[in-house]
Amino acid sequence: MNRKTPRGLVSYILLAALIIIIMVVGLRGLMQPEEELNYSDIISHFDNLEVSEFSLNLGSGALEYKLRGDDTVYKYKVPNVGLFYNELFGEENDFEGGSYRAAYNEKYPESPLVYNPIPASDSSIWLNLIPTILMIGVMVFLAISMTRSISSAGRISSVGKANVKVDGGNDKHKVTFDDVAGADEEKAELQEIVELLKDPGKYQQIGAKIPKGVLLVGPPGNGKTLLAKAVAGEAGVPFFSISGSDFLELYVGVGAARVRDLFDQAKKSAPSIIFIDEIDAVGRRRGAGLGGGHDEREQTLNQLLVEMDGFDINESVIVMAATNRRDVLDPALLRPGRFDRQVYVNYPDIAGREAILKVHSKNKPLAPDVDLKQVAAATVGFTGADLANLINEAALMAVKRNRKAITMEDLNDASIKVIAGPEKKSRVVLPEEKRLTAYHEAGHAVCHYYCPTQDKVSEVSIIPRGAAGGYTMALPEHDKSYVSKTEMNENIVVLLGGRAAEKLILDDISTGASNDIERATDTARSMVTRYGFSDKLGPVVYGHDDNEVFLGRDYNSSKTYSEVIASEIDSEMRAIIHSAYDRAQEILADHKEQLTRVAEYLIVHEKINGEQFEQLMKGENPDSEAAEPKAEPKEDGAVIAPEVKDEPEQGE
């Protein structure tokens, strides 16, 4: 396994090795016998010809000698053998003690000098060199590290600089409104900003001021960032883009410094646009911190507020920002004078989805049978990002199937894959589980059929996809702006249809309906607490929307209703769910023959489309139109409905 060792770990290892070496050298010194003489005394003994015999290890420097007329053995560790010999015998000495021996023997001929040189071994030489080499290596490494630190001083000094991306506004690949589809109203709202940037004098003549900021609000994936780039591209002005999280840093005060630097850069290039993506990372409501201490985010927000509408006027600099959590933003940031306009970028309608599909399929070959309008009609609730992913998945499927163009079958399969996940045909399903899944999904489908407000069934499958053992999909006939009480009640009926079918046919229930029950419960709670659909509790909102959690705001907030009301809410929810479950049981009991027909057909074929389902409900035999083999679904696309499907149990 090829892993890179962190540089910091290497430093720690080398430092530890150096400490160990120093400790070993120190211990070796402590283990040496206590020395009675110092180095100058030893040199004096030799200079005065007092040494009668001595031995010297030429490698380790261990010296042992006796003085004339004294049997005491003196021991000493010579720190530098070469220097020792040079001082005593001269640099030309051959390390045999010749000069000293001649002088001593001449003075004391009756008792010649005894000299025992011990040659230096290779191991002893390296043993003495290793500490020196390691110490030099550590010093070199530290020096290199310091050099790199000095070379990166620019980065340290630029920590207060904004990490901003700049588009010149005149690039060849600039984004314009032509590249943005499905947002005609939003583009019309922003077109005025473009005109202000192109010709500000026309508006200043009448006393109109350039808006300080435009806040793009909406669900993720609907093109807020793309719209901001298109405004810059249309106006032909520099575009400074930065993420809200880029302002925040470990060091205190860095965020405010980066805000100042960002606006300074934009002023130098005015007229220009500053775009802050995910502004909720830095613009959250002040005073919502749970710790009660200093919050660097608040200091950054304060500086942003001052730059946008403080004592310093930023002429011809427009701030655009995007967020999908407007509820957590500070009120001072949202007031006119800072963000003068708020443009809601919502999910595209059917015309918008068709335009988005055309944009993303522009450079992809499409087969003659592809009808993007039909695909757009079937993808209710898809964002622009979802549609781009849908086209890409269809292209990947076409390549996998060795096709030269994307067909309608590829788009249908891709839409189901995006919604429910890939098929898991290799999963082993026991016959009893297959039968249970077939009746469960047939229960959903039959309840769909007999609930007038529900969309038509477009496909039913018992092939596992993702975490689901099967699915029932319905094709919305049109975009919906609202949901009625009857529709939500019938939506719960459909959700509970699978469990009711299990109980009716198998006289047992399973865990397969857990997600259905969860969604039914959420729908019933919303009907009671958010939409005022309860006759007993009336048109009153109870509590907050749990889908938008903001801990700093919600931590200390208490319930807006009493325990008695809470009990009544639970009672009303149970009443709604029990009523829907009873109706689901009634529908399936009255049409048990159709339920059995659909389920048994599913057991054999595993998947049926909308047309086949309609034939089964009418008592007709769809086998003549579903001639594809179960194991070879690629050979005939008749099983796949010609429309892209959406989930039927959304409720909203």
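See the values below:
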read-out	value
Condition met for ILE356 (in contact (Cβ under 8 Å) with a residue 60 or more places away in the chain, part of a helix (DSSP H, G or I) and open to solvent by less than 20 Å² (accessible area, probe 1.4 Å))	yes
Lone unmet requirement of (1) farther than 26 Å from ARG260 by Cβ; (2) touching a residue at least 24 places away in the same chain (Cβ under 8 Å) for VAL328	(1)
Flag for ARG338 being basic (Lys, Arg), open to solvent by less than 70 Å² (accessible area, probe 1.4 Å), more than 27 Å from the chain's Cα centre (by Cα) and within 22 Å of LEU227 (Cβ to Cβ)	yes
Candidates GLY469, GLY498, filtered to the one that is buried (at least 21 other Cβ atoms within 10 Å of the Cβ), more than 21 Å from ASP582 (Cβ to Cβ) and without any contact (Cβ under 8 Å) to a residue 60 or more places away in the chain	GLY469
Segment 67-90 residues that are on the phi > 0 side of the Ramachandran plot, paired with ones that are part of a strand (DSSP E or B) and not acidic (Asp, Glu) (beta carbon under 9 Å, 6 or more apart)	GLY69/SER52
Within segment 383-415, tally of residues that are part of a helix (DSSP H, G or I) and out of contact with any helix residue (DSSP H, G or I) (no Cβ under 7 Å at 6 or more places or on another chain)	8
Failed condition for PHE54, given (1) at pLDDT 70 or above; (2) open to solvent by 70 Å² or more (accessible area, probe 1.4 Å)	(2)
Among the residues listed as ARG499, ARG525, ARG574, the single one being in a helix (DSSP H, G or I), closer than 30 Å to GLU600 by Cβ and at pLDDT 90 or above	ARG499
Complete set of residues in segment 420-441 that are open to solvent by less than 50 Å² (accessible area, probe 1.4 Å) and either touching a strand residue (DSSP E or B) at 6+ places or on another chain (Cβ under 7 Å) or on the phi > 0 side of the Ramachandran plot (or both)	ALA420, GLY421, GLU441
Matching residues, segment 230-255, being within 14 Å of GLY283 (Cα to Cα) and either in contact with a Gly (Cβ under 6 Å, 6 or more places away or on another chain) or at pLDDT below 80 (or both)	GLY244, SER245, ASP246, PHE247, LEU248, GLY255
Inter-residue pairs, beta-carbon under 8 Å, first in a helix (DSSP H, G or I) and in segment 111-140, second modelled with pLDDT of 75 or more and open to solvent by less than 60 Å² (accessible area, probe 1.4 Å), 6+ apart	SER124/ASN57
Segment 40-54 residues that are on the phi > 0 side of the Ramachandran plot, paired with ones that are not hydroxyl-bearing (Ser, Thr, Tyr) (beta carbon under 7 Å, 6 or more apart)	LEU49/ALA103; LEU49/LYS107
Hits in segment 394-419 (condition: in contact with a Pro (Cβ under 8 Å, 6 or more places away or on another chain) and open to solvent by less than 60 Å² (accessible area, probe 1.4 Å))	ALA405, ILE406, MET408, ASN412
Single residue of segment 292-325 satisfying the filter (modelled with pLDDT under 75 and of a type in the set (A, V, I, L, M, F, W, C)) that is least open to solvent (accessible area, probe 1.4 Å)	ILE313
Top-ranked residue of segment 359-378 - restricted to ones that are part of a helix (DSSP H, G or I) and in contact with a Lys or Arg (Cβ under 7 Å, 6 or more places away or on another chain), ranked as farthest from THR323 (Cα to Cα)	LEU372
Some residue of segment 67-75 being open to solvent by less than 70 Å² (accessible area, probe 1.4 Å), in a helix (DSSP H, G or I) and either of a type in the set (A, V, I, L, M) or modelled with pLDDT under 70 (or both)	no
Checklist (1) touching a helix residue (DSSP H, G or I) at 6+ places or on another chain (Cβ under 8 Å); (2) modelled with pLDDT of 80 or more; (3) under 29 Å from PHE247 (Cβ atoms) applied to GLY160, failing item	(2)
Residue list for segment 314-345, restricted to those being of a type in the set (S, T, N, Q) and assigned to a strand (DSSP E or B)	THR323, GLN342
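The values are calculated or read from the model by the stated rules, or taken from the named source; none is laboratory data. All of these numbers come straight from a predicted model, not from anything done at the bench. Here Cβ is always computed from backbone atoms with ideal geometry, including for glycine, and neighbour counts include all displayed protein chains. The area values use the complete protein model at the heavy-atom level, side chains included, leaving out ligands, DNA and RNA. Shrake-Rupley method; radii C 1.70, N 1.55, O 1.52, S 1.80 Å.
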